[in-house]
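The block underneath contains the structure these notes are about, expressed in structure tokens.
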């Protein structure tokens, strides 16, 4: 199945966005306090910025949504119900480079046994990003975990690729941002709700 990653902003999908009212702002991006995924209301656990080039370049805003707020990976893994990692791109990026970053993040945070367990899913994930040359500023990416269904990747609210049936794959992907060696050190405590913001230019006192 050919995956189309060039995205005209799509309508709402069954797994995804519903209408919201409350929102914070992170690096110019509107971040909803609550969303609904698979019929379940999720709360914003934290939202922050992924930097590159030693903190000089803002790559994307990452937001973590959970059924209840939690402050550690173990607590998140113990939760029941859907959950989401949502990414808002702040600049154009090469999709292949983005994919390589995800893979490197997983290798840094998963044991060899865990990497082997998710090997097939990693190959599939890489093939999705491999079919497009770039991802544009303003586009969005969601990674949802739906109990009984699996891990779903959506671009601008529209599912891309097939479902990853292993629900544990979502938790493996989450380690990229909150594992022992996170891809962005300053982003981890923000996603876990321990720190309000990692904005390196403007102090943000919003509580998530």
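The values are calculated or read from the model by the stated rules, or taken from the named source; none is laboratory data. Given the structure is predicted, the values throughout are model-derived calculations rather than measurements. Cβ sites come from the backbone with ideal geometry, for glycine too, and all protein chains shown count toward neighbours.
Given 70, 58, which one is in contact with a helix residue (DSSP H, G or I) (Cβ under 9 Å, 6 or more places away or on another chain) and surrounded by 16 or more Cβ atoms within 10 Å (Cβ to Cβ)?
Going through 70, 58 in turn, just one is in contact with a helix residue (DSSP H, G or I) (Cβ under 9 Å, 6 or more places away or on another chain) and surrounded by 16 or more Cβ atoms within 10 Å (Cβ to Cβ): 70.
What tally of residues in region 26-66 results from selecting those that are out of contact with any strand residue (DSSP E or B) (no Cβ under 6 Å at 6 or more places or on another chain) and in a loop (DSSP other than H, G, I, E, B)?
6
Taking the stated definitions as given, is residue 95 modelled with pLDDT under 95 and closer than 19 Å to residue 126 by Cβ?
So residue 95 fits the description; yes.
Can you find even one residue in region 91-100 that is within 27 Å of residue 43 (Cβ to Cβ) and not in a helix (DSSP H, G or I)?
No, every residue in region 91-100 fails to be within 27 Å of residue 43 (Cβ to Cβ) and not in a helix (DSSP H, G or I).
I need the full set of residues from region 162-188 which are closer than 19 Å to residue 88 by Cα and either touching a strand residue (DSSP E or B) at 6+ places or on another chain (Cβ under 6 Å) or in contact (Cβ under 8 Å) with a residue 60 or more places away in the chain (or both), in order please.
Matches in region 162-188: 170, 173, 174, 175, 176, 177, 178, 182, 183, 184, 186, 187.
Consider residue 142 against the criteria (1) outside any strand (DSSP E or B); (2) in contact (Cβ under 8 Å) with a residue 40 or more places away in the chain; (3) under 19 Å from residue 61 (Cα atoms): it satisfies all of them except one. Which criterion is unmet?
Every condition holds for residue 142 apart from (1).
Among the residues that make up region 48-60, is at least one of them more than 30 Å from residue 127 (Cβ to Cβ) and modelled with pLDDT of 90 or more?
yes
Regarding region 101-108, can at least one residue be identified that is part of a strand (DSSP E or B) and either at pLDDT 95 or above or surrounded by 13 or more Cβ atoms within 10 Å (Cβ to Cβ) (or both)?
No, every residue in region 101-108 fails to be part of a strand (DSSP E or B) and either at pLDDT 95 or above or surrounded by 13 or more Cβ atoms within 10 Å (Cβ to Cβ) (or both).
Would a scan of region 74-82 turn up a residue that is surrounded by fewer than 19 Cβ atoms within 10 Å (Cβ to Cβ), in contact (Cβ under 8 Å) with a residue 40 or more places away in the chain and either under 16 Å from the mean Cα position of the chain (by Cα) or assigned to a helix (DSSP H, G or I) (or both)?
Yes, that holds for at least one residue.
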